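Engineer: Quick one: this structure, given as structure tokens, is what I'll be asking you about.
The values are calculated or read from the model by the stated rules, or taken from the named source; none is laboratory data. Everything numeric in this text was worked out from a predicted model, so none of it was measured. Note that each Cβ is placed from the backbone with ideal geometry, even for glycine, and that neighbours are counted across all protein chains shown.
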Amino acid sequence: MNLILGFLASIGRTVLAGLASMGRITLFASDTLSHLARPPFYWREFLHALVQIGWLSLPVVGMTALFTGGALALQIYAGGARFNAETVVPSIVAIGLTRELGPVLGGLMVAARVASSIAAEIGTMKVTEQIDALTTLSTNPMKYLTLPRVLAATLAVPVLVGVGDVLGIMGGFLVGIGRLDFGAATYLHNTIDFLETWDVVSGLIKGAAFGFIVALMGCYYGMNSGRGAQGVGRATKSAVVAASVLILASNYLLTELFFAS
Amino acid sequence: MIELHNVHKAFGSNRVLRGVNLTIPSATSLVIIGGSGTGKSVALKCILGLVRPDSGTITLDGQDVTRGDRDAFLARFGMLFQGGALFDSLPVWQNVAFRLLRGSLKRPLSEAREIAIEKLRRVGLKPDVADKFPAELSGGMQKRVGLARAIAAEPEIIFFDEPTTGLDPIMAGVINDLIREIVTEMGATAMTITHDMTSVRAIADNVAMLHDGVIKWTGPVSEMDHSGDPYLDQFIHGRAEGPIEAVR
């Protein structure tokens, strides 16, 4: 009996800790967004974050999309050949990338690159008292550090997803004409004909949501980093794990929402 | 005048401040001494609002520090952190002029840079340091940049958290003189935390000894050597034997 109660208590504790954590993150997010309406806005920090998150993530997101598009073309061709539907390769590659793989893989790559870097940077600032120093210099750390990063990621990741969509389709195109004997004009024709505006837009909306999640997790875990190198290391790891899990979970919820509408 | 009345602060089960009562008159220099981990930095951070006390009141010129315009309140303060706390991503001069580049004290870029270089000179650093990044400086130089930042906007009240730790004796003397000068010339109120008894004698008008979360002794620096307080005596003479346990 005691064993069962102990087991149930441990589940209860885990659920309560999870709910408390969600509550803290929600409060952190609302605090961040509340600064949008209150000046000053630190444009320099925002532009710096835009370059760090957007421009410098372009190679990794672009390469991921390019190779994924190529691999996807091969897989769809192999599957489609089983029921003589090889011609669907261009349209399935385009739809799969724009609606699902582009935003999800792009989001996960940005999570690995950006959430870790933000958490490590802000965590180090916290343990070296730089966050306290900002406060004593009449500068709100949420306004100066968090808001510019969250806003930059929310705007930059959809752009990255858009570029990733193009490169992914190009990857499929290169494999299609080089390896699967598609004609270039036919491939492009099939891609454009079956692709709808909503396919692209829904992926970009997902990208914005994932960008928000990535930067928010980086900032949240950085701001709540423990002491010393171990504390910063733990914050970095937690930021990447939380951002990745939330990206996958919110991807399902957004897909369900788009599917229902 | 800054007044702390019955201030308590605990971190989990660790009760750091257990009823601190302290008064710092305007335009005077108070030095807080005490063993490591006795809550000196916590007391200082409570005044600035960086740490929220569990109970008790802290007032500045009679006003509760937790109420009123926070930006206006903080604009009256300068703070030198123990490790310098310089912003890695900014060059030295922008660190020093941080407050002058944004907010209510904003100045034109060239003027802010000039002020920064002048403050750097005041703490014994050459102008060529201005364009370097904090990571390119030694620990002692970083500390002096931190000091220059603390005084850049000429605040009314300046807190120094171990200002001479990590500096050679000559530079420590320069910094002690500078702190003294700031109090006498600028009429600033200074509150310093240090373990360095040479600094205490050079900087302080008044001394407060914090131990076990309470102020054990406070009085003018001139009375420190014959206070008759066993805790203070042990601390200022650095004796291993006495009421303060060496292992804490």
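Engineer: Please verify whether A:ILE177 is closer than 30 Å to A:THR191 by Cβ, touching a helix residue (DSSP H, G or I) at 6+ places or on another chain (Cβ under 8 Å) and surrounded by fewer than 22 Cβ atoms within 10 Å (Cβ to Cβ), treating the condition exactly as stated. Steps first, answer last, please.
Structural biologist: Working: closer than 30 Å to A:THR191 by Cβ: yes; touching a helix residue (DSSP H, G or I) at 6+ places or on another chain (Cβ under 8 Å): yes; surrounded by fewer than 22 Cβ atoms within 10 Å (Cβ to Cβ): yes.
Here the answer is yes, as A:ILE177 does meet what is asked.
Engineer: Got a sec? Which of A:VAL60, A:VAL51 is within 14 Å of chain B (Cβ to nearest Cβ), β-branched (Val, Ile, Thr) and out of contact with any Gly (no Cβ under 6 Å at 6 or more places or on another chain)?
Structural biologist: On the way: A:VAL60 fails: within 14 Å of chain B (Cβ to nearest Cβ).
The conditions single out A:VAL51.
Engineer: In this structure, is B:THR23 closer than 30 Å to B:GLY139 by Cα and among the β-branched types (Val, Ile, Thr)? Write out each step before concluding.
Structural biologist: On the way: closer than 30 Å to B:GLY139 by Cα: no; among the β-branched types (Val, Ile, Thr): yes.
No.
Engineer: While we're here: In this structure, does B:LEU147 turn out to be in a helix (DSSP H, G or I) and either at pLDDT 95 or above or within 25 Å of A:MET125 (Cβ to Cβ) (or both)? Break it down stepwise before answering.
Structural biologist: On the way: in a helix (DSSP H, G or I): yes; either at pLDDT 95 or above or within 25 Å of A:MET125 (Cβ to Cβ) (or both): yes.
It is true that B:LEU147 is in a helix (DSSP H, G or I) and either at pLDDT 95 or above or within 25 Å of A:MET125 (Cβ to Cβ) (or both).
Engineer: Would you say B:ILE157 is over 19 Å from B:ARG121 (Cα atoms) and either among the acidic types (Asp, Glu) or buried (at least 17 other Cβ atoms within 10 Å of the Cβ) (or both)?
Structural biologist: Details: over 19 Å from B:ARG121 (Cα atoms): yes; either among the acidic types (Asp, Glu) or buried (at least 17 other Cβ atoms within 10 Å of the Cβ) (or both): yes.
Criteria met by B:ILE157.
Engineer: Which of the residues belonging to region B:184-207 are surrounded by 21 or more Cβ atoms within 10 Å (Cβ to Cβ) and more than 24 Å from B:HIS5 (Cα to Cα)?
Structural biologist: B:SER199, B:ILE203
Engineer: If the requirement is being assigned to a helix (DSSP H, G or I), more than 22 Å from the chain's Cα centre (by Cα) and either surrounded by 14 or more Cβ atoms within 10 Å (Cβ to Cβ) or of a type in the set (S, T, N, Q) (or both), which of these qualifies: A:GLY80, A:GLY96? Steps first, please.
Structural biologist: Working: A:GLY96 fails: more than 22 Å from the chain's Cα centre (by Cα).
Exactly one residue qualifies, and that residue is A:GLY80.
Engineer: Residue under question is A:ALA111, and the condition is that it be buried (at least 21 other Cβ atoms within 10 Å of the Cβ), touching a residue at least 40 places away in the same chain (Cβ under 8 Å) and over 23 Å from the mean Cα position of the chain (by Cα); does it hold?
Structural biologist: Working: buried (at least 21 other Cβ atoms within 10 Å of the Cβ): yes; touching a residue at least 40 places away in the same chain (Cβ under 8 Å): yes; over 23 Å from the mean Cα position of the chain (by Cα): no.
When the stated conditions are applied, A:ALA111 does not pass them.
Engineer: Further question: For the structure I just gave you, tell me whether B:ILE175 is surrounded by 16 or more Cβ atoms within 10 Å (Cβ to Cβ), within 19 Å of B:LEU120 (Cα to Cα) and in contact with a helix residue (DSSP H, G or I) (Cβ under 6 Å, 6 or more places away or on another chain).
Structural biologist: Working: surrounded by 16 or more Cβ atoms within 10 Å (Cβ to Cβ): yes; within 19 Å of B:LEU120 (Cα to Cα): yes; in contact with a helix residue (DSSP H, G or I) (Cβ under 6 Å, 6 or more places away or on another chain): no.
No.
Engineer: Counting only residues that are crowded, with 18+ Cβ neighbours inside 10 Å and farther than 16 Å from B:PHE81 by Cα, which one in region B:36-64 is farthest from the other protein chains (Cβ to nearest Cβ)?
Structural biologist: B:THR38
Engineer: Here's a follow-up. Hey, could you check region A:105-118 for residues that are farther than 27 Å from B:ARG99 by Cβ and hydrophobic (A, V, I, L, M, F, W, C) and say which is nearest to the other protein chains (Cβ to nearest Cβ)?
Structural biologist: A:VAL114
Engineer: If I filter region B:82-100 down to residues being under 20 Å from the mean Cα position of the chain (by Cα) and assigned to a helix (DSSP H, G or I), which single residue comes out as farthest from the other protein chains (Cβ to nearest Cβ)? Can you show your working first?
Structural biologist: Of all residues in region B:82-100, those under 20 Å from the mean Cα position of the chain (by Cα) come to B:82-87, B:95-99.
Imposing the further condition that a residue be assigned to a helix (DSSP H, G or I) reduces the set to B:95-96, B:98-99.
Numbers: B:ASN95: 9, B:VAL96: 11, B:PHE98: 5, B:ARG99: 5 Å.
Looking at the filtered set, the residue picked out is B:VAL96.
Engineer: A:VAL241 fails exactly one of the following numbered conditions: (1) in contact (Cβ under 8 Å) with a residue 40 or more places away in the chain; (2) surrounded by fewer than 20 Cβ atoms within 10 Å (Cβ to Cβ). What is the number of that condition?
Structural biologist: Every condition holds for A:VAL241 apart from (1).
Engineer: Are any of the residues in region B:197-212 free of Cβ contacts under 8 Å to residues at least 60 places away in the same chain, within 23 Å of B:LEU48 (Cβ to Cβ) and touching a helix residue (DSSP H, G or I) at 6+ places or on another chain (Cβ under 8 Å)?
Structural biologist: no
Engineer: For the condition in a helix (DSSP H, G or I) and without any contact (Cβ under 8 Å) to a residue 12 or more places away in the chain, what is the one hit in A:PHE7, A:PHE46? Reasoning before the result, please.
Structural biologist: Details: A:PHE46 fails: without any contact (Cβ under 8 Å) to a residue 12 or more places away in the chain.
Exactly one of A:PHE7, A:PHE46 is in a helix (DSSP H, G or I) and without any contact (Cβ under 8 Å) to a residue 12 or more places away in the chain, namely A:PHE7.
Engineer: Residues in region B:101-114 that are touching a residue at least 12 places away in the same chain (Cβ under 8 Å) and within 10 Å of another protein chain (Cβ to nearest Cβ): how many?
Structural biologist: Of region B:101-114, the ones touching a residue at least 12 places away in the same chain (Cβ under 8 Å) are B:103-105, B:112-113.
From what is left, the residues that are within 10 Å of another protein chain (Cβ to nearest Cβ) are B:103-105.
Selection size over region B:101-114: 3.
Engineer: Quick one: which helices (runs of 4 or more DSSP H) sit completely within region A:112-199 and have at least 2 residues that are of a type in the set (Ser, Thr, Tyr) and either at positive phi or at pLDDT 95 or above (or both)? Before the answer, list the steps.
Structural biologist: Details: elements: A:116-127, A:130-136, A:147-178, A:184-194.
Qualifying helices (runs of 4 or more DSSP H): A:116-127.
Engineer: Further, regarding this structure: Select from region B:177-207 the residues that are assigned to a strand (DSSP E or B) and of a type outside the set (Val, Ile, Thr) and list them in ascending order. Spell out how you get there, then give the answer.
Structural biologist: Filtering region B:177-207 down to residues assigned to a strand (DSSP E or B) leaves B:189-193, B:206-207.
Selection gives B:ALA190, B:MET191, B:ASN206.
Engineer: Assess whether B:LEU210 counts as being among the hydrophobic types (A, V, I, L, M, F, W, C) and either surrounded by fewer than 23 Cβ atoms within 10 Å (Cβ to Cβ) or in a helix (DSSP H, G or I) (or both).
Structural biologist: Numbers: among the hydrophobic types (A, V, I, L, M, F, W, C): yes; either surrounded by fewer than 23 Cβ atoms within 10 Å (Cβ to Cβ) or in a helix (DSSP H, G or I) (or both): no.
Criteria not met by B:LEU210.
Engineer: Also, I was wondering about something else. Going by the conditions given, is B:ARG121 away from chain A (no Cβ under 14 Å), more than 29 Å from B:PRO169 (Cα to Cα), of a type outside the set (A, V, I, L, M) and surrounded by 13 or more Cβ atoms within 10 Å (Cβ to Cβ)? Working first, answer last.
Structural biologist: Working: away from chain A (no Cβ under 14 Å): yes; more than 29 Å from B:PRO169 (Cα to Cα): no; of a type outside the set (A, V, I, L, M): yes; surrounded by 13 or more Cβ atoms within 10 Å (Cβ to Cβ): yes.
It is false that B:ARG121 is away from chain A (no Cβ under 14 Å), more than 29 Å from B:PRO169 (Cα to Cα), of a type outside the set (A, V, I, L, M) and surrounded by 13 or more Cβ atoms within 10 Å (Cβ to Cβ).
Engineer: Follow-up. Could you say whether any residue in region A:157-173 is of a type outside the set (A, V, I, L, M) and more than 22 Å from A:VAL60 (Cβ to Cβ)?
Structural biologist: Taking region A:157-173 and keeping what is of a type outside the set (A, V, I, L, M), we get A:158, A:162, A:164-165, A:168, A:171-173.
Now narrow it down to the ones that are more than 22 Å from A:VAL60 (Cβ to Cβ): none.
No, because not a single residue in region A:157-173 is of a type outside the set (A, V, I, L, M) and more than 22 Å from A:VAL60 (Cβ to Cβ).
Engineer: Mind checking which residues of region A:129-166 are at the interface with another protein chain (Cβ under 8 Å from one of its Cβ atoms) and polar (S, T, N, Q)?
Structural biologist: A:GLN130, A:THR135, A:THR136, A:SER138, A:THR139
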